Amino acid sequence: MDVKSVNFTSKIRFVNRDEYWKIAKHNRIYPSHGISGVLKADSFFSEGIKTCSGGGIVSPFVEALGFHFKDDLMNDSNFLQLSNSIFNVIKNPQRALLVGSKELDENPYSRKQFLKLKKLFKKHIKNCSFFENHRYENSQTHYHYSLADDTWTLFSEYRFSDNDRSICVKDLKTLKKCFKKISIAKGDKLFVGDREILVKDAPEIFQ
């Protein structure tokens with residue numbers, strides 16, 4: 001099968017904590033100050049993406065690579081090495097997902113790293129979905145990818161303050177509350193739970 005000639009549709013699904021941990025069991029990617037936070041596999045997951053940047057690049061049903069990069073001076077200084085660690089492994093990815101970052105004074109590399117990765121992805125990959133800039137300080141995202149069915153599964157949660165209970169992304173409203181900017185690639189399908197979010201529901205987030 002010539003993957004370049006086929007228009008694949010990746011599935012992106014937000015689930016609750018219990019559903020996420022039912023599938024996120026093998027090939028965990030740990031956040032890294034260098035290139036060790038990268039893994040090529042048929043499935044992989046990473047947790048606790050807060051100010052970091054995480055996600056992956058995919059040739060659907062052929063190969064996939066995931067990553068979780070710390071937002072720090074080392075990764076900022078070695079950005080070329082980070083980018084090479086991704087694109088030297090998957091040569092011609094068709095789709096990608098990138099999630100993470102926050103605007104915090106104590107994390108000056110968070111947004112900078114995410115935006116550099118976003119620019120790099122858009123340059124090399126036609127169809128990229130972005131979940132950008134966690135809105136609240138107490139927020140995080142975990143992700144899992146399965147090559148077998150080309151599906152991203154995400155569990156995102158946030159708190160308005162330290163004293164509040166965590167709110168899980170469970171519908172379109174909470175999804176928009178969690179991230180300041182969302183961009184769904186052409187062809188990707190977005191679900192929250194079992195409900196598909198259609199273009200008519202939120203045209204501003206679909207490319």
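The values are calculated or read from the model by the stated rules, or taken from the named source; none is laboratory data. Everything quoted here is computed from the prediction, not taken from an experiment. All Cβ positions, glycine included, derive from the backbone under ideal geometry; neighbour counts span all protein chains shown. The area values use the complete protein model at the heavy-atom level, side chains included, leaving out ligands, DNA and RNA. Shrake-Rupley method; radii C 1.70, N 1.55, O 1.52, S 1.80 Å.
Structure above, values below:
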quantity: With all protein chains modelled, accessible area of V62 [1.4 Å, Å²]; calculated: 80 Å²
quantity: Beta bridge orientation in region 82-164: antiparallel %, DSSP, nearest 5; calculated: 55 percent
quantity: Descending semi-axes in Å of region 99-163, equivalent ellipsoid built from Cα gyration tensor; calculated: 24, 18, 7
quantity: Accessible heavy-atom area order of S183, S156, highest first, probe of 1.4 Å; calculated: S183, S156
quantity: Largest-first principal axis extents of the Cα set of region 165-204 (Å); calculated: 35, 23, 15
quantity: Solvent exposure of the chain as accessible area per residue, Å², 1.4 Å probe; calculated: 49 Å²
quantity: Relative contact order of the chain, pairs being alpha-carbon contacts under 8 Å that are 6 or more residues apart, as %; calculated: 25 percent
quantity: Virtual spin-label span in nm between K181 and A41, 7 Å along Cα→Cβ; calculated: 3.1 nm
quantity: Convex hull per residue volume in Å³, alpha carbons only, for region 95-136; calculated: 47 Å³
quantity: Rounded, prolate or oblate (a/c below 1.5 giving rounded, otherwise prolate when a/b exceeds b/c) for region 1-118 by Cα gyration tensor; calculated: oblate
quantity: Three-way shape label, region 71-180, alpha-carbon gyration tensor, a/c 1.5; calculated: oblate
quantity: Largest-first principal axis extents, alpha carbons of the chain, Å; calculated: 51, 41, 33
quantity: Quotient of Cα Rg and 2.2 N^0.38 Å for region 57-119, N being how many residues it contains; calculated: 1.19
quantity: Efficiency of FRET from Cβ geometry, K189 and D162, R₀ 30 Å, rounded to 0.05; calculated: 0.25
quantity: Kirkwood hydrodynamic radius of region 11-67, from inverse mean 1/r over distinct Cα pairs, in Å; calculated: 12.3 Å
quantity: Between region 180-207 and region 12-44, the alpha-carbon center distance in angstrom; calculated: 22 Å
quantity: Three-way shape label, region 142-198, alpha-carbon gyration tensor, a/c 1.5; calculated: prolate
quantity: Where D18, D194, D71 fall by accessible area, highest first, once all protein chains stay in place (1.4 Å); calculated: D194, D18, D71
